[in-house]
Amino acid sequence: MNILTNPNKLRGFEKHIKVENVSRRSILKSLGLAGGFVLAAPVMMRPSFAYETGAGKMPHGVVVDPRVFVSIAPDGIVTIVAHRSEMGTGVRTSLPLIVAEELEADWSRVRIQQAHGDEVKFGNQDTDGSRSTRHYLIPMRQIGASARTMLEQAAAKRWGVPASEVKAVHHEVVHSASGRKLGFGELAADAAKQSVPSIEGLKLKNPKDFRYLGKGEIGIVDLHDITTGAAHYGADVRLPGMKYAVIARPPVTGGKLVSFDGAEAMKVSGVEKVMEVKGWPWPSKFQPLGGVAVIARNTGAAIKGCNALKVTWDDGANAKYDSVAYRAELEAAARKPGLVVRKEGDAEAALKSADKVIVGEYYLPHFAHASMEPPVAVANVKGDKAEVWAPVQSPGGTREDVAKTLGIPEENVTVNVTLLGGGFGRKSKCDFALEAVLLSKELGVPVKVQWTREDDVRHDFLHTVSVERIEAGLDKNGKVIAWRHRSVAPSIASTFAAGTVHQAPFELGMGLIDNPFEIANMQCENPEAAAHTRIGWFRSVSNIPRAFAVQSMVAEIAHATNRDPKDMLLELIGSPRIVNLSSVKDPWNYGEPYDSYPIDTARLRKVVEVVADKGGWGRSVPKGHGLGIAVHRSFVSYIATIVEVAVDDKGKLTVPRVDTAIDCGTYVNPERIQSQIEGAAIMGMSLAKYGEITFKDGKVQQGNFDDYPVLRIDESPGITNVYIVPPATPDTPPSGVGEPGVPPFAPALINAIFAATGKRIRAMPIGKQLEA
Amino acid sequence: MVKLKINGQERNWDGDPDLPLLWFIRDEVGLTGTKFGCGQALCGSCTVIMDKQAVRACITSVSDAAGREVTTIEGLHPTGDHPVQKAWRQVNVPQCGYCQAGQIMQAAALLMDNPKPSHDQIRESLSGNICRCGCYQRIENAVHLASTGV
Ligand code: FES
Ligand code: FES
């Protein structure tokens with residue numbers, strides 16, 4: 001991550017103007033202004049708005065400048081830059097749609113231009129953390145409104161009337177007093193000459209006049225291309241003279257190449273060369289693992305050649321990593337006190353004096369992202385210049401890392417962002433692009449590095465593996481008076497710093513220290529765990545094990561005290577209030593200011609109530625069926641899910657129905673929210689049913705969809721209903737959508753299985769546990 | 001020398017006859033709509049239609065396709081308006097879209113064979129096509145829409 005290079009972090013939010021050199025590569029003609037020196041006011045927060053976000057604290061902050069994001073051609077075609085990566089969330093439709101809305105542009109005359117990696121120019125581009133809408137709703141509105149204002153000013157000038165008398169309406173500016181009209185295209189050149197209005201003075205549209213936002217009536221911009229095969233992903237880039245590379249990497253993380261024999265590989269028709277790829281020592285951050293590359297005239301030959309390699313590896317320090325032994329280690333650690341990361345009251349004493357103590361210990365193994373498109377990248381390095389085409393979530397970070405890896409200035413690196421065939425956090429790490437760069441530099445020609453599915457599964461930055469142990473102390477009336485939650489898991493930080501044994505604040509803040517329950521004696525602990533493989537962000541990250549544990553525990557307590565699980569859940573959430581986290585030293589809140597994005601239990605209760613109502617909680621279900629419920633706040637959104645399961649007498653699990661309620665604050669594109677939640681149910685069910693990567697002798701034991709299955713259509717839920725809770729006020733800040741659907745699914749499913757069968761599953765995946 | 005037809009056009013290959021058709025189509029011919037997802041007939045991303053049958057191009061060799069007529073997503077309909085493609089757009093099916101060419105080709109093959117499939121038949125026929133983004137509900141609805149018009 002490039003947090004330290006973030007100038008705005010140091011400077012805070014004060015407004016400042018700076019001159020920047022717009023590069024010749026600039027993909028924009030900027031409202032008709034090409035090249036040259038352009039004034040840009042890079043970081044502007046919104047003094048006139050009701051809330052603040054963490055956007056300004058991201059590396060390179062936010063750029064609010066219409067000339068960077070909008071261009072208008074004389075024929076009226078409006079081009080809007082999408083500066084975030086499209087991996088299936090719909091972001092490259094939704095963010096430009098916000099600009100178009102405020103600009104009063106006609107969406108059918110809008111074209112989208114994907115930004116290359118340049119955070120000085122575009123602001124932060126890290127497409128992760130479910131941040132895009134949350135950080136960019138207001139900036140994108142301001143960009144659109146600025147451009148609209150400039151068009152209005154140009155028209156007013158041309159007509160010699162006050163700007164207050166003209167108004168942009170649906171791709172033209174009108175002067176209603178005289179009935180005159182000018183199209184956006186006719187005004188573009190003049191508009192470009194107007195000064196960019198100050199953010200403070202901008203008039204934003206009244207939400208009740210929105211044509212597009214909040215409606216969900218616009219298809220994604222790539223829809224036609226995707227359905228005709230014309231959409232371009234990383235692997236679809238083809239350059240003249242390009243070679244195809246497939247790489248054999250050390251089977252154990254941190255292992256090294258000792259020697260190789262490429263003679264058999266060279267005999268494969270189409271193979272042209274076998275060569276070493278440089279690797280970095282463990283912990284290798286986002287750098288390549290190293291290995292042996294087979295270079296060929298097509299991917300098929302490269303794969304065949306790679307399979308014919310004979311390689312000797314030194315397995316290194318992680319050669320003994322064994323998932324069975326490691327689970328026992330984690331369990332042992334969870335049964336002893338660990339680093340206290342939140343403490344209110346005296347949980348230890350309250351557990352001792354409790355009338356009853358319920359203990360739940362939950363295990364969640366590693367899993368792999370397995371995005372449908374395996375990692376792939378094309379690079380063309382010529383002298384001290386490099387151009388990359390890759391499906392990356394972090395175009396800016398990739399540019400920095402390419403520059404560092406080659407020892408060239410960042411300005412000499414162009415990172416072109418293709419569509420991503422899924423990301424889920426895997427493509428926030430650019431190791432695959434760096435491999436392509438290294439090979440292209442050495443070969444002097446463009447190179448495409450294609451990972452096979454086996455490469456992807458065996459060399460992922462895996463979701464962590466964890467044991468979550470919760471002890472709940474009840475008084476004689478069944479009221480929960482003590483809660484101690486110990487979470488043990490190797491940290492993502494271990495991929496960057498050797499010797500890491502504790503989780504980082506951003507991991508602790510995902511469902512551990514932010515526990516919203518109203519319990520007098522609350523303690524959260526983080527015992528030590530060392531990593532033996534690369535750990536990375538996986539869609540919703542530590543929220544998955546935490547929601548699984550906490551929400552399973554709620555149902556366990558309900559069962560032990562003979563109460564309805566939903567009532568139990570509401571009782572534990574307690575009164576509507578803002579949760580006070582003053583006892584937490586480092587209360588990470590998804591990077592957001594707590595004032596704008598507090599833990600609001602009224603909203604948490606509301607999604608539970610909505611889903612219970614709409615999803616028919618308590619309805620009678622056929623024999624062998626059961627309902628389960630779970631709620632979780634993550635990425636500052638609130639989501640509750642009810643799952644109905646059916647388990648037959650052979651233990652076969654089906655899910656006839658899923659209901660999910662989401663409160664993600666002010667929203668832009670409800671249709672894509674729905675699709676994200678539908679998808680989260682599938683991903684949640686995949687990981688609950690099958691998600692497990694195991695190690696033996698330091699090596700991943702799975703490789704493809706046969707031994708690492710993911711959910712298929714014939715096992716998918718019968719129906720997934722999504723209810724979007726409307727924002728409380730028009731100023732309710734937007735919050736995350738891409739990730740938060742995942743965490744509550746698995747516990748709701750597990751609780752439903754318990755309701756249907758009386759079997760309590762505490763270790764994921766479900767696998768064969770229902771076949772008794 | 002292997003001769004085959006891809007989207008109506010004659011193609012020749014005098015390289016490794018065992019080369020998977022997928023890589024011939026993508027890397028040698030340059031039609032990139034057909035995707036790689038697993039290489040082992042486990043995911044359906046590479047689905048093409050060969051003489052009216054959906055096949056996995058990743059385990060079909062170029063020589064298996066000799067003398068055959070192969071249709072890829074690019075050749076399914078001249079303007080991209082096959083009923084399945086149209087239904088896909090109406091339902092706004094895709095998320096990342098990477099699996100969708102394979103899904104569409106599989107669905108098109110299903111409808112050639114069975115113009116009015118039941119929900120169970122749709123699910124069964126498409127069970128070899130993984131969508132990691134989880135668009136299954138919409139895929140099912142879109143196939144239904146393509147077959148019934150509603
Ligand atoms: S790539 Fe052929 S079935 Fe997966
Ligand atoms: S849409 Fe992403 S894999 Fe299907």
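The values are calculated or read from the model by the stated rules, or taken from the named source; none is laboratory data. Since this is a predicted model, take the numbers as computed values, not measurements. So basically every Cβ, Gly included, is an ideal-geometry build from the backbone, and we count neighbours across all protein chains shown. The area values use the complete protein model at the heavy-atom level, side chains included, leaving out ligands, DNA and RNA. Shrake-Rupley method; radii C 1.70, N 1.55, O 1.52, S 1.80 Å.
How many Cβ atoms of partner chains, on average, are near each residue of A:88-96 if near means within 10 Å of its Cβ? Can you show the working numbers first?
Details: counts 10, 3, 4, 0, 0, 0, 0, 0, 0.
The per-residue average across the peptide is 2.
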Quiz item: Leaving out same-chain residues fewer than 8 places away, which aspartates and glutamates sit with a Cα under 16 Å from that of residue B:3?
Solution: B:14, B:16, B:18, B:28, B:51, B:64, B:69
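How large is the accessible surface per residue of the protein assembly as shown, computed with a 1.4 Å probe and reported in Å² as a whole number? Show your work: numbers first, answer last.
On the way: 31910 Å² over 922 residues.
In whole numbers, the protein assembly as shown has 35 Å² accessible per residue.
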Quiz item: From the square roots a ≥ b ≥ c of the eigenvalues of the alpha-carbon gyration tensor of the protein assembly as shown, which class results: rounded (a/c under 1.5), prolate (a/b over b/c), or oblate?
Solution: rounded
Practice problem: Roll a 1.4 angstrom probe over the protein heavy atoms and tell me the percent of accessible area of the stretch A:280-322 that is carbon or sulfur. | Solution: 52
Practice problem: Any of A:167/A:208; A:57/A:256; A:215/A:689; A:256/A:768 with alpha carbons more than 26 Å apart? Name them for me. | Solution: A:57/A:256; A:215/A:689; A:256/A:768
Exercise. Compute the convex hull volume of the Cα atoms of the stretch A:703-769, divide it by the residue count, and report the result per residue in Å³ as a whole number.
Key: 164
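Once R0 is set to 56 Å, what does the formula 1/(1 + (r/R0)^6) return for the Cβ-Cβ distance between residue A:193 and residue A:476, expressed as a FRET efficiency to the nearest 0.05?
Details: r = 78 Å, r/R0 = 1.39.
The calculated FRET efficiency here is 0.10.
Loop only per DSSP, at most 14 neighbouring Cβ atoms within 10 Å: give me the GluC sites (Glu not before Pro) in the stretch A:182-223, ordered by residue number. All intermediate terms of the calculation are to be shown ahead of the outcome.
Details: sites: A:186, A:200, A:217; in loops: A:200, A:217.
Within the stretch A:182-223, the qualifying GluC sites (Glu not before Pro) (loop, at most 14 other Cβ atoms within 10 Å) are A:200, A:217.
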Practice problem: Tally the DSSP beta bridges in the stretch B:1-85 and give the antiparallel ones as a percent, rounded to 5. | Solution: 85
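With the convex hull built on the Cα atoms of the stretch A:190-346, state its orientation-averaged projected area in nm².
Values: hull surface 90.1 nm².
One quarter of the hull surface, i.e. the mean projection, equals 22.5 nm².
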Practice problem: For every other residue with a beta carbon closer than 9 angstrom to the beta carbon of residue B:39, add +1 if it is Lys or Arg and -1 if Asp or Glu, then tell me the sum. | Solution: 0
Exercise. Could you work out, residue by residue across A:706-718, how many beta carbons of other chains sit within 10 Å of that residue's beta carbon, and then give the average as an integer?
Key: 6
Practice problem: Using a Förster distance of 51 angstrom, determine the FRET efficiency expected from the C-beta separation of residue A:215 and residue A:575, and round it to 0.05. | Solution: 0.90
Self-check item: Residues of the stretch A:440-479 with amide N under 11 Å of the 7 Å Cα→Cβ point at residue A:355
Solution: A:474-479
Quiz prompt | Backbone N within the stretch B:1-38 under 16 Å of label point (7 Å from residue A:307 Cα along the Cβ vector) | solution = B:16-24, B:37-38
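Among the listed pairs A:267/A:448; A:243/A:285; A:121/A:385; A:606/B:86; A:336/A:356, which are separated by more than 30 Å between their Cα atoms?
Details: A:267/A:448 21 Å; A:243/A:285 27 Å; A:121/A:385 19 Å; A:606/B:86 39 Å; A:336/A:356 20 Å.
The pairs that break the limit, which is 30 Å between Cα atoms, are A:606/B:86.
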Exercise. Check cross-link reach from residue A:343 to the aspartates and glutamates: straight Cα distance under 16 Å, and skip same-chain residues fewer than eight apart.
Key: A:471, A:514, A:518, A:525, A:586
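Leaving ligands, DNA and RNA out of it, report the carbon-plus-sulfur percent of the accessible area of the stretch A:345-406 at a 1.4 Å probe. Walk me through the intermediate numbers first.
Details: 870 of 1810 Å².
Within the stretch A:345-406, the accessible surface is 48 percent carbon and sulfur.
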Quiz item: Using a 1.4 Å probe on protein heavy atoms, which residues of the stretch A:259-306 have at least 20 Å² less accessible area in the complex than alone?
Solution: A:269, A:297, A:298, A:299, A:300, A:303, A:304
Quiz item: Among all the aspartates and glutamates, which ones have a C-alpha under 16 Å from residue A:181's C-alpha, if same-chain residues fewer than 8 places away are not counted?
Solution: A:75, A:104, A:106, A:152, A:165, A:172, A:190
Self-check item: Distance between modelled label sites at residue A:564 and residue A:230, nm, 7 Å Cα→Cβ extension
Solution: 5.4
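Which order do peptides A:666-678, A:471-483 fall in by mean Cβ count within 10 Å, highest first?
On the way: A:666-678: 24.3, A:471-483: 18.8.
The most tightly packed comes first, giving A:666-678, A:471-483.
When you look at the Cβ of every residue in A:418-427, what mean number of other chain Cβ atoms sits within 10 Å?
Shielding by partners across A:418-427 averages 3.
Given a Förster distance of 56 angstrom, what is the FRET efficiency for residue A:652 paired with residue A:208, based on the Cβ-Cβ distance and rounded to 0.05? Intermediate values should be presented prior to the final figure.
On the way: r = 50 Å, r/R0 = 0.90.
The value I calculate is 0.65.
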Quiz prompt | Separation of the residue A:772 and residue B:121 label points, Cα + 7 Å toward Cβ, nm | solution = 3.9
Quiz prompt | Cα-based helix-to-principal-axis angle, B:136-148 vs chain B, degrees rounded to 10 | solution = 90
Self-check item: Summed side-chain charge close to residue A:544 - residues other than residue A:544 whose Cβ falls under 12 Å, Lys, Arg +1, Asp, Glu -1
Solution: -1
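State whether the stretch B:65-150 is rounded, prolate or oblate according to the following rule on the C-alpha gyration tensor (a ≥ b ≥ c being the square roots of its eigenvalues): a/c under 1.5 gives rounded; otherwise a/b larger than b/c gives prolate, and the remaining case gives oblate. Each step should come with its number before you reach the end.
On the way: a/c = 1.36, a/b = 1.27, b/c = 1.07.
Rounded is the answer for the stretch B:65-150, as its axis ratio a/c remains below 1.5.
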Practice problem: Output the residues of the stretch A:362-377 meeting this criterion: accessible area (heavy atoms, 1.4 Å probe) in the chain alone minus accessible area with all protein chains in place is 40 Å² or greater. | Solution: A:372
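Output the DSSP H helices from chain A with an along-axis C-alpha extent of no less than 30 Å and a mean Kyte-Doolittle hydropathy no less than 0.5. Walk me through the numbers before you get to the answer.
On the way: long enough: A:132-159 (39 Å, -0.48).
Helices meeting the span and hydropathy rule in chain A: none at all.
Nearest 100 Å² is fine: how much accessible area is buried between A and B, summed over both sides, with a 1.4 Å probe?
On the way: alone 28860 and 7790 Å², together 31910 Å².
Heavy-atom accessible area buried at this interface is about 4700 Å².
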Self-check item: Estimated distance in nm for a label pair at residue A:266 and residue B:12, the labels positioned 7 Å out from Cα along Cα-to-Cβ
Solution: 3.0
Quiz item: At a 1.4 Å probe, which residues in the stretch B:122-138 are at least 50 Å² less accessible with all protein chains present than in their chain isolated?
Solution: B:123, B:127, B:130, B:132, B:136, B:137, B:138
Practice problem: Could you tell me what percent of the accessible area of the stretch B:6-150 is made up of carbon and sulfur, with a 1.4 Å probe and every protein chain present? | Solution: 46
